[in-house]
Structures are given as structure tokens and as C-alpha cells.
Amino acid sequence: MSNAITLDAKKTALVVIDLQKGILSQNVEPYDAQAVLTNTVTLAQAFRAKGGFVVLVTVGSRDGKDMLRPITDQPLPAMTERPKDWAQLAPELGPEATDHTITKHQWGAFFGTDLDLELRRRGIDTIVLCGISTSIGVETTAREAYQFGYQQVFVEDAMAAMDVTEHEHTVRYVFSRLGRIRATTDIFID
């Protein structure tokens with residue numbers, strides 16, 4: 001039985017989470033950052049070729065003051081000086097003139113951004129999600145998308161996390177309840 005799916009380019013958007021220089025420089029699992037980027041570029045090219053909507057999301061903060069800092073058992077690392085190109089998208093990815101770019105300041109791509117508005121204005125009801133980190137930015141965006149009523153497809157080999165256990169847990173126990181999980185080669189845009 002094939003897992004292949006064909007998606008309507010007019011009603012589907014590719015949403016790419018945090019494939020920026022600073023995050024792509026980290027060690028991730030189970031796929032390395034270059035494999036995630038290569039698979040994502042393949043998807044973006046397929047969407048663009050059919051006139052599909054590509055959303056490129058980065059995470060950034062000018063001084064760290066706009067980031068949440070809850071009291072937790074596992075505190076986030078202190079904000080340090082980042083290289084000037086830390087938040088720049090990987091050049092292989094774009095953006096192209098038809099892409100929409102978003103800079104988020106929290107984990108999810110919907111909170112405090114125009115993502116839902118941009119999708120709804122285009123009649124999009126399905127999103128294809130990929131990026132880094134599976135268990136943080138991608139998962140939070142997926143949960144938000146679920147609450148907004150979007151159909152979702154998760155491209156498992158176009159995402160990775162800081163640890164293989166985080167990735168596998170999110171894919172198996174979260175994404176399987178929010179949408180469909182596919183490989184890059186299983187997705188066709190019409």
C-alpha cells in the first residue's frame with residue numbers, strides 16, 4: 001500500500017519552520033541539517049512549480065526581551081550574542097518572490113504573526129509542515145494549526161530535533177493524532 005498523496009496547490013501551503021543559518025548549524029537527529037534542508041528545498045521547488053504558497057518562518061529576537069521566560073525545571077539557555085546572519089534563511093531555500101516570510105518570536109508560527117490571515121485569504125485549508133525542531137517549533141505550529149482547523153501533512157524526513165527521542169516521540173504520539181505523516185517522496189503537488 002502506497003503512502004503517496006497528491007495535494008491541490010491552490011488549497012495547500014508549505015510551511016517551513018526555522019531553517020535559518022543559526023539553527024542549521026546545530027547537530028540534529030535523526031536526519032542531519034543538510035538532509036532536512038535538501039528535502040525541504042525539493043518540496044519548496046515542487047510547490048513553486050505548481051504555483052503553491054510557500055511560507056518561510058524564522059525565529060528571531062533583537063535583544064531577547066520579547067521572548068517568554070517562564071519558570072521551568074529545565075531553563076532555556078541565556079540569550080547570548082548571535083552572529084549577524086543567525087536568523088538568515090539558508091540561501092538554497094530562498095525566499096523566492098512568491099514566498100511569504102514570517103519572523104516569529106515564540107515557538108509557534110501562528111502566535112503573534114499574520115500566518116492564519118495569509119492562509120485564509122488564499123483559501124488554503126491544508127498545510128505541509130517541516131523544519132527544525134520537530135518537537136518545538138514544528139510541533140507548536142502543528143498544535144496551533146490543529147486548533148485553527150487546518151488539515152496537516154508532516155514531512156518526517158524534512159524535520160529533525162536536538163535528540164532522536166524527541167523527534168520520534170512527537171512524530172509517533174503527536175503528529176499521528178493531528179494529521180498525516182509522509183516522506184518527501186510521498187508528496188505530489190497538483
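With 25 Å as the limit, the listed pairs 21/104; 11/104; 21/50 have 21/50 beyond it between alpha carbons. Helix 139-148 axis versus longest C-alpha principal axis of the chain: approximately 60°, rounded to the nearest ten.
Taking every C-alpha pair closer than 8 Å and separated by at least 6 residues, the mean separation divided by the residue count of segment 110-190 gives a relative contact order of 30 percent.
Just subtract the alpha-carbon distance of residue 173 and residue 148 from 0.36 nm times their residue separation and send over the number in nm, one decimal. Could you put the intermediate results ahead of the total?
Numbers: separation 25, 0.36 × 25 = 9.00 nm, distance 1.99 nm.
Net length gain for the segment: 7.0 nm.
All other residues whose Cβ lies under 15 angstrom from that of residue 139 are scored, Lys and Arg at +1 and Asp and Glu at -1, for a net of -2. Across segment 92-99, rounded Karplus estimates of 3J(HN,Hα) from the backbone phi angles (6.51 cos²θ - 1.76 cosθ + 1.60, θ = phi - 60°) give 4, 8, x, x, 8, 4, 8, 7 Hz, Gly and Pro being marked x.
Here the chain carries DSSP beta bridges of which approximately 5% are antiparallel, counting only pairs with both residues inside. Sequence-ordered 3J(HN,Hα) estimates for segment 32-45 from the Karplus curve with 6.51, -1.76 and 1.60 and θ = phi - 60° stand at 6, 4, 5, 5, 4, 5, 4, 5, 5, 4, 4, 5, 4, 5 Hz, glycine and proline given as x. Counting Lys and Arg as +1 and Asp and Glu as -1 over every other residue whose Cβ lies under 13 Å from the Cβ of residue 37, the net charge comes to -3. Once backbone amide H atoms are built at 1.01 Å from N, residue 7 has 188, 189, 190 as its partners under 5 Å, excluding neighbours fewer than 5 places away on the same chain.
When 8, 18, 116 are arranged by Cβ crowding within 10 Å, least crowded first, meaning fewest neighbours, the order is 8, 116, 18. For residue 127, the amide hydrogen comes within under 5 Å of the amide hydrogens of 13, 151, 152, 153, counting only partners 5 or more places away or on other chains and with H modelled in the peptide plane.
Taking amide H atoms as placed 1.01 Å from N in the peptide plane, the amide H of residue 133 lies under 5 Å from those of 138, each 5 or more residues away in sequence or on another chain.
None of the figures in this text is laboratory data; all of them are computed from the coordinates on show. Owing to the predicted nature of the structure, the values given are computational and were not obtained by experimental measurement. Backbone-built Cβ (ideal geometry, glycine too); neighbour counts: all protein chains shown.
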